[in-house]
Amino acid sequence: MKTLKYLIAFFSIVLFVSCDNDDSNSDKVQFAVPTIKSLTQIRANVSVTGVKATNSDGKIYVSENYLFYIAQEEGVHIYNNQNPASPVNTAFINLEGVHDIAVKGNYLYADNFVDLLVFDISNINNITLVETVENSIVFSPTYPTEAEYYDYTIYPEAGEIITGFTLQLKNRPNDSEVIMANDALSGFESSAGNNIGTGGSYAKFQINNNALYTIDSYQLNVFNITNPENTFFDKSVSMNIWINGGIFETLFIQKETLFIGATSGMYTVDATDEFNPSFVGGFSHATACDPVVVFGNTAYITVRGGSSCGAIEDQVNVIDVTDIANPTLLSTTLLDQPYGLGIRNDVLYVCCGTNGLKVFNAVNSSNLTLENTYNEDVKDVIPLNSHLIVVGTNKIIQYNYGANFTLVPISEISF
């Protein structure tokens with residue numbers, strides 16, 4: 001398997017050479033200190049256990065009667081959700097490097113930092129790891145925006161990776177010991193059935209027939225899952241030229257078209273040839289964070305500025321994708337801090353963090369109408385035909401659909 005390299009690009013930060021000198025200017029400042037882990041140990045720590053508590057934020061995924069909570073860089077919690085009013089915590093897959101999953105039939109696919117793992121879940125009480133595709137995923141740890149300086153003296157050796165950063169107060173370096181980070185923060189090297197599940201709008205994994213797609217910052221990656229227990233990496237399709245430097249964030253699939261939410265817009269990919277997806281078109285906007293969902297010929301994207309997302313005004317864009325080569329804007333609705341979203345039967349659900357869950361009448365795509373707000377701190381949503389599932393800070397809430405755009409709570413899982 002190929003060796004993968006990734007670039008960590010940061011702006012308005014500086015890299016230090018030495019922090020040992022103490023002078024009149026050496027006040028304490030925040031340094032980003034890399035956390036280093038051994039790949040051998042990461043792989044050895046993979047296990048399946050009984051139920052386990054969590055306090056990690058995460059994503060939700062649904063497949064048949066099971067609800068999966070992907071606790072970021074901790075593991076996958078599996079609930080028997082046959083009765084949504086009383087979900088049963090059933091099993092836990094310990095994966096310290098997990099960020100996304102996908103399920104097809106009896107197999108669950110998950111990332112573990114730089115590896116893709118395949119689990120047989122045909123017996124939920126006896127889940128087994130059946131394949132590991134090593135060094136097939138590009139992993140880029142999130143850099144702490146609070147840091148002024150980067151501690152480059154700590155770096156991975158062969159067989160190790162940077163899995164994150166801690167913040168530490170250290171002496172401010174002298175002017176002569178400082179260089180700009182954009183000259184140096186680069187080159188890290190990270191040496192059966194056909195039922196397909198459903199992820200939220202922040203999903204980065206999607207399945208198309210016998211192909212599993214994953215995205216990293218600038219690439220769409222293709223895995224061949226024809227034989228799940230012999231899954232292999234097929235190819236990477238570089239797309240940074242298409243999107244003028246935007247970073248890939250989310251991946252949505254409708255039939256044989258992929259919709260990529262990126263910091264520079266929404267982009268469409270023809271996946272009719274499942275192992276050779278090709279760029280078709282896109283809709284661009286100013287730099288921002290934006291997941292995308294699609295129903296029929298209409299795409300809905302939340303565009304959130306602020307912090308590291310960009311300076312664009314918070315909004316929901318409705319896009320006509322009848323011609324996927326030329327998506328066109330139908331409407332823009334201003335909305336504070338929109339995150340994940342979902343669409344069902346002309347009702348649009350938008351999660352707005354501490355601003356609550358917004359319910360819109362989307363019959364008229366050119367004029368979304370806000371009908372209800374539910375005061376929950378939520379980040380993503382999956383509208384099933386049977387009921388609605390939303391995920392927030394350390395909780396999952398399930399709702400029945402009511403009349404007149406109302407929702408009726410039926411259960412809550414707290415972490």
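Scanning segment 52-65 for residues that are assigned to a loop (DSSP other than H, G, I, E, B) and either under 15 Å from the mean Cα position of the chain (by Cα) or among the aromatic types (Phe, Trp, Tyr) (or both) returns Ser56, Asp57.
Among the residues of segment 96-133, the ones that are in a loop (DSSP other than H, G, I, E, B), open to solvent by 20 Å² or more (accessible area, probe 1.4 Å) and within 23 Å of Phe252 (Cα to Cα) come to 2 in all.
Considering segment 364-415, and only residues there that are in contact with a Leu (Cβ under 6 Å, 6 or more places away or on another chain) and not hydrophobic (A, V, I, L, M, F, W, C), the residue that is farthest from Thr54 (Cα to Cα) turns out to be Ser366. Taking Gly265, is it of a type outside the set (A, V, I, L, M, F, W, C) and at pLDDT below 90? Yes.
For the structure I just gave you, tell me whether Ala362 is open to solvent by less than 60 Å² (accessible area, probe 1.4 Å), modelled with pLDDT of 95 or more, among the hydrophobic types (A, V, I, L, M, F, W, C) and more than 23 Å from the chain's Cα centre (by Cα).
yes
Yes/no matrix, rows are residues, columns are (1) at pLDDT 95 or above; (2) not assigned by the TED database to the domain that holds Ile101:
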| site | (1), (2) |
| --- | --- |
| Tyr149 | no, no |
| Thr153 | no, no |
| Glu177 | no, yes |
| Leu185 | no, yes |
| Ala203 | no, yes |
| Asn210 | yes, yes |
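Residues checked against (1) modelled with pLDDT of 90 or more; (2) not in a loop (DSSP other than H, G, I, E, B):
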{"site": "Lys5", "(1), (2)": "no, yes"}
{"site": "Ser18", "(1), (2)": "no, no"}
{"site": "Ile36", "(1), (2)": "yes, yes"}
{"site": "Leu67", "(1), (2)": "yes, yes"}
{"site": "Pro84", "(1), (2)": "yes, no"}
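The strands (runs of 3 or more DSSP E) located wholly in segment 194-277 that include 3 or more residues which are farther than 24 Å from Thr328 by Cα, out of contact with any helix residue (DSSP H, G or I) (no Cβ under 7 Å at 6 or more places or on another chain) and open to solvent by less than 10 Å² (accessible area, probe 1.4 Å) occupy 211-215, 219-224.
The values are calculated or read from the model by the stated rules, or taken from the named source; none is laboratory data. The shown structure was predicted, so the numbers you read here are calculated from the model rather than taken from an experiment. Neighbour counts are summed over all protein chains in view; Cβ atoms, including those assigned to glycine, are modelled from backbone coordinates with ideal geometry. To get the accessible areas, we keep the full protein, side chains included, count just its heavy atoms, and leave off ligands, DNA and RNA. Shrake-Rupley method; radii C 1.70, N 1.55, O 1.52, S 1.80 Å.
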